[in-house]
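All remarks here apply to the structure that follows.
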Amino acid sequence: MSQARAGLSPPYPRVVPCRHCGLVVLRDIDGRWIHASLSYACRDGTGAVAGTTAEPAALPPAPPARA
Ligand SMILES: [Zn+2]
């Protein structure tokens, strides 16, 4: 009756902060960037929509370009 889940790894091991609001962003199942809060739109400190959408501050290494 153990609930331990040793060895369980998250589906998105690589997360980066949003370049607009600093919130952690990750990729959704469609490959779009989304905030960890599950909102595509950035929000400022008061919770108001900032008019920008989730975008990583530093893009992960791009795959080699296909010739
Ligand atoms: Zn953002």
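Residues of the range 44-56 being among the polar types (S, T, N, Q) and either near the ligand (Cβ under 7 Å from one of its atoms) or surrounded by 11 or more Cβ atoms within 10 Å (Cβ to Cβ) (or both), which ones?
Thr52, Thr53 - these are the residues of the range 44-56 that are among the polar types (S, T, N, Q) and either near the ligand (Cβ under 7 Å from one of its atoms) or surrounded by 11 or more Cβ atoms within 10 Å (Cβ to Cβ) (or both).
Within the range 13-23, restricting attention to residues that are loosely packed, with under 14 Cβ neighbours inside 10 Å and within 16 Å of the ligand (Cβ to nearest atom), which residue is modelled with the lowest pLDDT?
Val15
Rundown of residues vs (1) modelled with pLDDT under 80; (2) touching a Leu at 6+ places or on another chain (Cβ under 7 Å); (3) surrounded by 10 or more Cβ atoms within 10 Å (Cβ to Cβ); (4) of a type in the set (Ser, Thr, Tyr), yes/no style:
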{"site": "Met1", "(1), (2), (3), (4)": "yes, no, no, no"}
{"site": "Ser9", "(1), (2), (3), (4)": "yes, no, no, yes"}
{"site": "Val25", "(1), (2), (3), (4)": "no, no, yes, no"}
{"site": "Gly31", "(1), (2), (3), (4)": "no, no, no, no"}
{"site": "Cys42", "(1), (2), (3), (4)": "no, no, yes, no"}
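The values are calculated or read from the model by the stated rules, or taken from the named source; none is laboratory data. Note that this is a predicted model, so its numbers are computed, not measured. Note that each Cβ is placed from the backbone with ideal geometry, even for glycine, and that neighbours are counted across all protein chains shown.
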